[in-house]
Amino acid sequence: MLASLSEAPLDDPQLVYEPKYDGIRAIAEVGSTVRLWSRLGNEKTRQFPEVVEALERWKRSLGEPVILDGEIVALDAAGNPTGFQNLQGRIHLQAPGEQSAVAFIVFDLLREGNRDLRDQPLLERRAALEGLFAKTKVPPILRLSRMARGDGRKLFDEANRQHWEGLIAKHASSTYKSGKRSPDWHKIKIHHEQEFVVGGWTEPRQTRSYFGALLIGVYDGKKLIYVGHTGTGFDERELARVMPILKRLETRECPFGDVPKTNERPHWIRPELVAQVRFTEWTADNKLRHPVYLGMRDDKRAADVHREPSPRTTSLERQVKSPERRAKPGERRTSNTEPRRVAATLIEQLAELEQGRRDGFVELPGGERLKVTNLHKVFWPKKKLTKGDLFRYYARVAPYVLPAIADRPLVMKRFPNGVNAAPFYQHRATDVPPGVRSEMVTVAERRPHIIGGTLLTLMYTTQLAAISQDPWFSHLPHPEFADCAAFDLDPSEGVPFGAVLDVARWIREELDKLGAAGVPKTSGADGLHIYIPLPSGTPYDAGLLYCQIVATIVAQRHPKVATTERAVRARGKRVYIDCFQNILGKTLASAYSARASEHAGVSTPLSWKEIEAGVDRRDFTIETVPARLDKVGDLWAVLRTAKSVDLTSATRYAGRSS
C-alpha cells in the first residue's frame, strides 16, 4: 500500500503519524522460510542477510507465520536511521562484511497465522503488531516504527531538526489496500528529494573518471521532461559501478521530449534507470537547483516517476494567517489552525446563513467574530454565483492568497451590487472592526490603509464586496520601496488570448537573456500578468524603467502583435504591454484573487509549461481553482524565493538590443 502526495493536517484525531523512513520498503514473509520483497516484487533476501537472519531467530518465538510491512534503513554510528544514500553499498551486497549496519523497521502486520488482517482498521493491526513485539524476544535489528496519535506536531518538529525526509500520516481506521496508492495515507515531505529518470550521461571533464554527470528527468504523461543534470554525490566506487550499467543501456535516440543543451558531449540511454536525488529547489523554468545524487533505486518504475509537489516550507504547515508579526496592545492573535478545518468550519457557517437568507456572525480561529450580510445576493448573474460563493472561495484559498498580500496596503474596489453594477474605489480605511489590521501609510498624504495578511481581514474585505484583493507592489514597513514589478498584458478587443500567450513567451525570452525570473498568472479577466522580483530597497521608478526597457524591445521585435502605445486608438488589434501599474500607490489584482469578470475568473498563477502548451483563461474560476490548488500547489511561492533581477543589466541590455 502506497501513500498519496496530498496535504494532511498535523493535528487530527483521525490520523496517526510516523516518520517517513528513507530506505527501501520491504514486505517480509516469515514462515517456513524468510523472504524479503520490494514494492516491485523484486526479492531482497540475499541483499540483506542479517535482516533475514534476525527474522529467522525471531520466528522461533512467534509460534506461527507472519507477514510484515516495513522499511530497511541504514544506521549511523549512533544506531539511528539515516539517509538512503548510505544503503547504496548494501543494495549490491551478498554478505554483511564491513558495510553499513541496517535495521528493519516494522510498521504494519498484514497476516498473523491464518488470519488476513488487511481488512482490519490500522489501529487494530497496530495493536496486534505491538502485541507480537511485547510477548516475544525481538532481535535489536528488528524495530517497531514510532507513532504519534492525533497530533504530529512534535514529531514534525523533530523531523525538521533531525533532517528526516518527512512524515507519513495515516487514517486510524484505514484498511490495507495492497498495491494501491491510497488517499488514506499521506506523505508529508520536508526536504526536496525524489526519484528521477536517468536519460543519459555526459563526458567527464579533466581528471574525472567514467562520466561527468547524469542527465535526469520526470515524466509528464508519456513525455520525459529534462529537469537538469547531477554530477555531485558520486565517489570513485559509485562511478565505476554505474558506468557499465549506463553503457548497457546506451542508445542513439534521445529519450527526452526536447533535446537538452549540455556543457559536455551527451550520451543517451534507454530511460529505465531511476536515481534518488536531493536538491535545494525548483527554478522558475522547472529545473533542479543544486541536485545531489544519492543512489540508484531498483524498487521504482521509471514510468511512475513524475514531479512531486513541493514540500511544506513552514516549521509546521501552511497556516491560515499572516507571517509572524507582533500583536498590538489588546489585540488577539489568531492561533495556528489547520487550513482545511478552518475552511470547512467557515463554509458550514456561511452556508447555514445563506440558506436561511439571514445576516449573522461567523466565528473565526482565536475567538474572532465577523458580521456578514447579504450572502444570498447574486454577484455574477451569468453564472448565478452569490456573495456567499465569493466568501466560500476565499475561505478555501486563504492559505494561498494570504502570503501574496501579507503586510501590503490594499486598495478596495467594491461591487456591493454585483459585477454588472458600477463599482467604487476605497483607499482609506476608517472605523474597521477590532482585529482587522490597518496602518497609517504616507504617499502624497498620510492616511489609514487596510493591510492584508490575516484571515479576519480577508473576510472583512469580502464582506465589503471587494471582489479582488488589490495590494501595493511594496509592503510595510517600507511602502516606498517596491519588492516586485509587473508586465500587464492587455489585449485590445477582438485579440485572441493566444496572442497574449505569445507576448508572454517573448517577454520570458528577453528575461532569460537578462538572467531574470518571470512568474506568470492570468489576470482573471482577458489578460496576463508577469511579475519579477526586485532587490531590497528598489524605488518604484527603477522597477518601472526595467519593465519599460523589456517591453519596448519586445514591441520592436514583434510590432504586429505587441505594443507599448498608451493611447487606445494607437494600439490597433494588438496586445498592450502596460508597465504603468508599477507606480507607487497603483495596484494589480493579487495572485488567487477573484475578479469581477463575467465568468467569475481568478487571477491564477501558471507554469511556463502551461503557457507554452496554451491554456484557456476561462478555465480558471472561483469554482475550479480550489481543486487546481490541491493538484499543483502554490505556483506563486516561487516569486517570494526567486533571485532578484539585476537592475543594472537592463541598461546594458538595452544598448545591445537597440
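Values quoted throughout were computed directly from the atomic coordinates according to the rules given, and no laboratory measurement underlies them. Given the structure is predicted, the values throughout are model-derived calculations rather than measurements. Counting neighbours? That spans all protein chains shown, and the Cβs are built from the backbone with ideal geometry, glycine included.
What does DSSP give for region 481-657 in terms of the percent of beta bridges that are antiparallel, rounded to the nearest 5?
Working: 19 of 21 bridges.
For region 481-657, the DSSP antiparallel bridge percentage is about 90.
Sorted into 10 angstrom bins from 0, the C-alpha pair distances of region 466-534 split as 18, 43, 31, 8, 0 percent.
Which whole-number percentage describes the relative contact order of the chain, with Cα contacts under 8 Å and a sequence gap of 6 or more?
On the way: 1394 pairs, mean separation 64.1, N = 658.
Relative contact order, the chain: 10 percent.
Let me know the shape class of region 193-304, please: from the alpha-carbon gyration tensor, a ≥ b ≥ c as square roots of the eigenvalues, rounded when a/c is under 1.5, otherwise prolate if a/b is greater than b/c, or oblate. Display every interim value, and only then the final one.
Values: a/c = 1.29, a/b = 1.19, b/c = 1.08.
Taking the square roots of the gyration eigenvalues as a ≥ b ≥ c, region 193-304 is rounded.
The string of couplings for region 214-222 from the Karplus curve (6.51, -1.76, 1.60, θ = phi - 60°) is 8, 9, 10, x, 10, 8, 10, x, 9 Hz, one whole number per residue in order, with x for Gly and Pro. Ranked by how many other Cβ atoms sit within 10 Å of their own Cβ, fewest first, the residues HIS449, HIS306, HIS163 fall in the order HIS163, HIS306, HIS449. Give me the angle, in degrees from 0 to 90, between the Cα long axis of helix 49-62 and the longest principal axis of the Cα atoms of the chain, rounded to the nearest 10. It works out to around 70 degrees. When Cα extents along the principal axes in Å is calculated for this entry, the matching label among [x] 96, 71, 45; [y] 84, 64, 44; [z] 81, 63, 53 is [y].
Near the amide H of GLN120, within less than 5 Å, lie the amide hydrogens of TYR176, all on another chain or at least 5 residues away, with H placed in the peptide plane.
State the volume of the convex hull built on the alpha-carbon positions of region 418-483, expressed per residue in Å³ and rounded to an integer.
Values: hull volume 7.2 nm³, N = 66.
Roughly 109 Å³ of hull volume per residue.
When the Cα gyration tensor is reduced to axis lengths a ≥ b ≥ c, the ratio a/c is 1.5 or higher for region 339-471, and with a/b not above b/c it is classed as oblate. Which angle between 0 and 90 degrees, to the nearest 10, do you get for helix 339-355 versus the longest principal axis of the chain when only C-alpha atoms count? Relative to the chain, helix 339-355 is tipped by roughly 50 degrees. Any idea what angle helix 236-248 forms with the longest principal axis of the chain, computed on alpha-carbon atoms, 0 to 90 degrees, nearest 10? Once rounded, one gets 80 degrees. Cysteines of the chain lacking any other cysteine Cβ under 4.7 Å from their own Cβ: CYS254, CYS484. Annotation: amide H-H contacts under 5 Å for ASP220 (H modelled 1.01 Å from N, sequence separation of 5 or more, or interchain): ILE225.
The phi torsions of region 407-412, fed into the Karplus equation with coefficients 6.51, -1.76 and 1.60 and a -60° offset, translate into couplings of 6, 10, x, 10, 10, 9 Hz, rounded to whole numbers, with Gly and Pro shown as x. Taking amide H atoms as placed 1.01 Å from N in the peptide plane, the amide H of ALA482 lies under 5 Å from those of THR538, TYR540, each 5 or more residues away in sequence or on another chain.
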